[in-house]
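Colleague: Below you will find the structure I want to go over with you.
The values are calculated or read from the model by the stated rules, or taken from the named source; none is laboratory data. For clarity, every value in this text was computed on a predicted model and none was experimentally measured. Cβ placement follows ideal geometry from the backbone for every residue including glycine, while neighbour counts extend to all protein chains displayed. Areas reflect the complete protein model, heavy atoms only, side chains present, ligands, DNA and RNA absent. Shrake-Rupley method; radii C 1.70, N 1.55, O 1.52, S 1.80 Å.
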Amino acid sequence: MYSIDLSKITLKELKKITQSIDLIPSRKILLLNIDAIFKKLESANLKTMSDLQEFLKKKSAIPKIAKDFSIDENYLIILNREVNSYVSKPIKLDLLEVFNKSELNKLENRKIKNTKQLYEIAKNRIDRKVLSNDLKIDIDKLTTSLELIDLLRVNGIGPTFAILLHMYGIKNKDIYYKKSNAEIANLHNDYVKNNNINFHTIGEKDAEFCKRYCKLLDSDIEW
């Protein structure tokens with residue numbers, strides 16, 4: 001599936017992940033009284049991240065939830081943001097910089113306008129060949145687009161960074177996950193500095209941030 005299956009991650013697992021990662025400053029509040037708070041949430045028969053996402057879905061309901069469970073309202077707002085950060089957002093296909101205008105129009109005519117839609121229809125090798133033949137789009141272009149899409153499924157990797165990673169030889173999330181944080185950072189920072197491009201450098205912690213999503217995503221693209 002395109003995004004992380006939140007129904008497969010229990011609240012206990014979410015708590016463990018949250019305690020083990022280097023949270024950005026605005027989300028460090030999640031570590032405060034985390035055992036007691038997650039115990040209260042579990043008492044509401046919430047078992048998975050999917051349950052929690054649905055529970056906190058309506059912002060208007062958060063003040064009442066906070067009161068009923070004696071949990072700080074701001075904590076719940078930040079927790080809701082953290083849960084939703086695990087959901088991969090679809091991106092317009094033109095941002096991949098793979099297809100020309102004619103090819104984008106062909107895809108759009110097949111109702112394939114974003115990365116999720118292309119992922120769903122082309123992740124299978126045979127389906128990809130059929131799509132290539134039907135639309136007269138080079139199979140290599142479709143494969144390259146899927147490699148970029150696989151990287152874009154990872155929270156923290158945007159279109160420009162995905163294109164750069166692909167250029168460094170990091171062509172999908174599995175390769176990214178296996179690379180050391182130092183190697184990822186060095187490859188990127190050396191390129192940015194040597195080519196004077198308008199893109200920020202990254203540290204090893206930035207590289208590590210993305211890895212927690214890599215290991216939770218399905219590897220169902222047939223290469």
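Colleague: May I ask you to evaluate 6.51 cos²θ - 1.76 cosθ + 1.60, the Karplus curve with θ = phi - 60°, for each residue of the stretch 28-38 and list the ³J(HN,Hα) values in order in whole Hz, giving x for glycine and proline?
Modeller: With the stated coefficients, the stretch 28-38 comes to 5, 4, 5, 7, 6, 6, 4, 5, 5, 5, 5 Hz.
Colleague: Moving to a separate point now. Given N residues in the stretch 157-206, what is Rg(Cα) / (2.2 N^0.38 Å)?
Modeller: 1.04
Colleague: Could I ask something else about it? Label point 7 Å out from Ala182 along Cα-to-Cβ: which residues of the stretch 196-223 have amide N under 12 Å?
Modeller: In the stretch 196-223, the label zone of Ala182 (backbone N under 12 Å from the point 7 Å along Cα→Cβ) covers 204.
Colleague: In whole angstrom, note down how far apart the Cα centers of the stretch 146-169 and the stretch 53-89 are.
Modeller: Here the two parts' Cα centres lie 29 Å apart.
Colleague: Please give the per residue accessible area of the stretch 135-198, computed with a probe of 1.4 Å over protein heavy atoms only, in Å².
Modeller: Accessible surface, normalised per residue, equals 46 Å².
Colleague: How large, in Å, is the stretch 110-223 by the Kirkwood hydrodynamic radius built from its alpha-carbon pairs?
Modeller: 14.9
Colleague: How long are the three semi-axes of the equivalent ellipsoid for the stretch 62-141, computed from the Cα gyration tensor as the root of 5 times each eigenvalue, in whole Å, largest first?
Modeller: In descending order, the three semi-axes are 42, 12, 10 Å.
Colleague: In the neighborhood of Lys89, defined by Cβ-to-Cβ distances under 10 Å, what is the net charge if each Lys or Arg adds +1 and each Asp or Glu adds -1?
Modeller: Once all neighbours under 10 Å are counted, the net charge is +2.
Colleague: What's the percent breakdown of Cα-Cα distances in the chain across 5 Å bins, shortest bin first?
Modeller: 1, 6, 13, 16, 15, 13, 12, 10, 7, 4, 2, 0
Colleague: Roll a 1.4 angstrom probe over the protein heavy atoms and tell me the percent of accessible area of the chain that is carbon or sulfur.
Modeller: 50
Colleague: With viscosity set to 0.692 mPa s at 37 °C, what whole-number translational diffusion coefficient in µm²/s follows for the stretch 17-74 from Stokes-Einstein and a Kirkwood radius over Cα pairs?
Modeller: D = 266 µm²/s.
Colleague: Moving to a separate point now. Given the DSSP H assignment, sum -39500 (n - 2.57) over each helix run of at least 4 residues in the chain and divide by its residue total; what's the result at 222 nm in deg cm²/dmol, nearest 500?
Modeller: Mean residue ellipticity, 222 nm, calculated: -17000 deg cm²/dmol.
Colleague: Now a separate question. What number does the stretch 101-148 give for Rg over Rh if you use C-alpha atoms and the Kirkwood radius?
Modeller: Using Cα coordinates only, the ratio equals 0.90.
Colleague: Related question: Can you list the residues, at least 5 places off or on another chain, whose amide H is less than 5 Å from the amide H of Thr48, using H built in the peptide plane?
Modeller: The list, which skips near neighbours in sequence, is Leu11.
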